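Heads up: the structure comes next, in C-alpha cells.
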Amino acid sequence: LGDPSKYRPTIHYSPPSGFMNDPNGLVIKDHEFHLFYQYDPYAPIIGNVHWGHAVSGDLVRWVTLPVAINETAAGQAFSGSAVIFNNSLIAAIYTRASETKQAQELAFSSDNGRTFQEYKGNPVLDRNSDSFRDPQVFWDERTHEYKMTVVKARKHQVLIYGSRDLVNWRELSSFGPAGILGIDYECPNLMRVPTEDGHYKWVLAISINPGSPLGGSGTQYFVGDFDGTTFTPDYYETKFVDFGKDFYALQTYSNARAPLGIAWLSNWQYANFTPTGDWRGVMTLARGFGLRYTEDFKYFLTQKPVGLENLYRREVPVGAESCSVPGDKALEIHAIVELGPRSRISFSLLSENHEQLVWGYDANAGQAWIDRGRTFGFSQRFFTDKMSVAVIPGTTNIDLHAIFDKSTFELFLDDGTFVGTCLVFFEKLPNCLRYSLVGDGRVTNLTVNVLTP
Ligand code: FRU
C-alpha cells in the first residue's frame, strides 16, 4: 500500500483526490461529453457533497475541471442531471439536501459547464420532504416538454413530472413500490432503448440501497412503455443491470442519439473504506444499451463498452498460462470458448503472492461467475465473501470479454447479454493469466490487448 496510484485506473475516470460517487449531469455539448459527479473535494469519504466535473471527447480520456456546483448554506448538492436549454445553455437539475429537506434546484451554465449560476427562484420542486431526490431530466420530443423522474426514496416511488421551462413542474404519474425495495430507491433513470428487432421500448432503472441481492447497493430495471405520462412495465419481475456487486446509480446521457450510460463502480457497503489512499471512487466505462428478446427472459438489456476503439491496442501473446501480462496497465482479455454440455472454463489473473481473480462459465450449471475473494488488498468481509453469478442457460459457445484496469473488472458475456462489474484490489498487481478447461471443449480464440490512452 502507500502508493495511491497503484489502484488508479488508466482508462476509467477517477477523481484526483477526494471522494466520488454517482455520475451526474451527463450531457453532450459542442463535442464534449460532460461527466459531473457527486464529489467531496476535502476528504476521501462522503460528507460535503459538491458536483465535480470532467469532460472528454472520446469517453476514455477524461480531463478534470474545477468543481461546478458547490455545497452552500442551504445544503449539499446531491445527484441530478443536465439538459440543453434554449439550444445554448447547460441546465443542471439537482437535489439540494440539508438535514431536514431535499428539494430540486436548477442552475444554468453559459460557458459549457465551467461555471453555473443558480436560478434565483430555487427550489423549483419542493414537497417539503427529507427524502425526495435525484431528478433525471430529458427532453421528450413527442410532447415538446422536459420530463423528470425523481424518487420519493423511503416510499419506494418514482414520480414523473413534465415542464416546458424547467421551472414549473406538474406531476404526471408515479411508479412503485415495485421490484426489490431495499431501504431507499435512489437515482431513477428512464431511457428509450432500441430493440434488436427494430423497435424500441422504455427502460426504467432504479437504484436501491441498501438491500440489493448481493448486499448493499445495486441497480434494478423494468422494461415497458412510456406514453409521455405514465411508465407501464410489461411485467413487474425485476432484473438487475449488472450481475456484479459494484454497479450503482446508472445514468444515461440526456441527449445522446442512442442510450449511452455510466455508473459508479462501487457499493455503499464499502465505498468509504476502499484502500486507494487520498482518492476514492471510479466510474464504469461508458456503455451503450440495447434490448434483446428471448422466450425465457422476455426483453432484457444488453450492454457494450463504448470508447475502447479510441485507445491504442498492443497485443500480448498468451497461451494457457502466461506470466508476461502487465497488470499495471488496462487489459482487455477476450476469449471465445466452445464447451461440451458438462464442461467448465475458468480464467484467472494471478499475482506473485498467489492472489487470484477468477471468472468463467460452467456449461453444466449454466452459470457464469466472478470471484475476487482470493485477492488480499482489501479484506473487508462484504468485499471478499460473495461471488457474483449470472445464469446463462443452454449455452455451450460463449464469449467472455473482460476489461481489467488495476482495480476494476468488467466482464461482458455473450456479446453483452450479461455484464458483471466489480472492484478488485490485488496486494500485488497480477502478472499471470491462466485458463483451465474441465471436460471437453476448446478455447477457439484468446486475445489479450494492453489498452492505453
Ligand atoms: C446515491 C445517493 C443519492 C444521493 C447521493 C448523495 O448513491 O445516495 O441518492 O443524491 O448519493 O451523494
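The values are calculated or read from the model by the stated rules, or taken from the named source; none is laboratory data. The model shown is predicted, which means the values in this text are computed figures rather than measured ones. Cβ: placed from backbone, ideal geometry, glycine included. Neighbour counts: every protein chain shown.
Within region 233-283, if we keep just the residues that are of a type in the set (Ser, Thr, Tyr) and under 11 Å from the mean Cα position of the chain (by Cα), the residue that is nearest to the ligand (Cβ to nearest atom) turns out to be Tyr248.
Of all residues in region 271-313, those satisfying the criterion of being part of a strand (DSSP E or B) and among the β-branched types (Val, Ile, Thr) are Thr294, Thr302. Looking across region 128-146, the residues that are within 22 Å of Asp225 (Cα to Cα) and within 13 Å of the ligand (Cβ to nearest atom) come down to Asp134, Pro135, Gln136. Checking each residue in region 411-430 for being modelled with pLDDT of 95 or more and either within 12 Å of Ser266 (Cα to Cα) or not in a strand (DSSP E or B) (or both) picks out Thr421, Cys422, Leu423, Val424, Phe425, Phe426, Glu427, Lys428, Leu429, Pro430.
Scanning region 157-188 for residues that are within 16 Å of the ligand (Cβ to nearest atom), out of contact with any Ser or Thr (no Cβ under 6 Å at 6 or more places or on another chain) and not aliphatic (A, V, I, L, M) yields a total of 4.
Here His354 meets the list (1) more than 23 Å from the chain's Cα centre (by Cα); (2) farther than 24 Å from Arg313 by Cα; (3) not in a loop (DSSP other than H, G, I, E, B); (4) not charged (D, E, K, R) almost entirely, failing just condition (3). Checked against (1) closer than 28 Å to Ser56 by Cβ; (2) at pLDDT 95 or above; (3) away from the ligand (no atom under 16 Å from the Cβ), Phe300 passes all but a single condition, namely (1). Please go through region 408-453 and pick out each residue that is within 15 Å of the chain's Cα centre (by Cα) and among the polar types (S, T, N, Q). Hits for region 408-453 are Thr408, Thr421. Taking region 202-219 as the range and being within 14 Å of the ligand (Cβ to nearest atom) and either surrounded by fewer than 21 Cβ atoms within 10 Å (Cβ to Cβ) or of a type outside the set (A, V, I, L, M) (or both) as the test, the residues that pass are Ser207, Asn209, Pro210, Gly211, Ser212, Gly216, Ser217, Gly218, Thr219. Cβ separations smaller than 7 Å between residues 6+ apart or across chains give the following pairs from region 224-237 residues that are closer than 12 Å to Gly176 by Cα to residues that are of a type in the set (Phe, Trp, Tyr) and modelled with pLDDT of 95 or more: Phe231/Phe175; Phe231/Trp202; Pro233/Phe222.
Can you confirm whether region 24-41 contains a residue that is within 16 Å of the ligand (Cβ to nearest atom) and either surrounded by fewer than 24 Cβ atoms within 10 Å (Cβ to Cβ) or over 20 Å from the mean Cα position of the chain (by Cα) (or both)? Yes, some residue in region 24-41 is within 16 Å of the ligand (Cβ to nearest atom) and either surrounded by fewer than 24 Cβ atoms within 10 Å (Cβ to Cβ) or over 20 Å from the mean Cα position of the chain (by Cα) (or both).
Taking the listed residues Glu196, Glu186, Glu171, the one that is within 15 Å of Asp134 (Cα to Cα) and of a type in the set (Asp, Glu) is Glu186, with no other qualifying. The condition of being more than 14 Å from the ligand (Cβ to nearest atom) and at pLDDT below 95 holds for only one of Ser56, Ser5, that being Ser5. Taking (1) under 23 Å from Leu250 (Cα atoms); (2) surrounded by fewer than 18 Cβ atoms within 10 Å (Cβ to Cβ) in turn, Ala73 satisfies each apart from (1).
One residue is enough: does region 38-59 have a residue meeting the conditions on the phi < 0 side of the Ramachandran plot and in contact with a helix residue (DSSP H, G or I) (Cβ under 8 Å, 6 or more places away or on another chain)? Checked against the condition, which is being on the phi < 0 side of the Ramachandran plot and in contact with a helix residue (DSSP H, G or I) (Cβ under 8 Å, 6 or more places away or on another chain), region 38-59 yields at least one hit.
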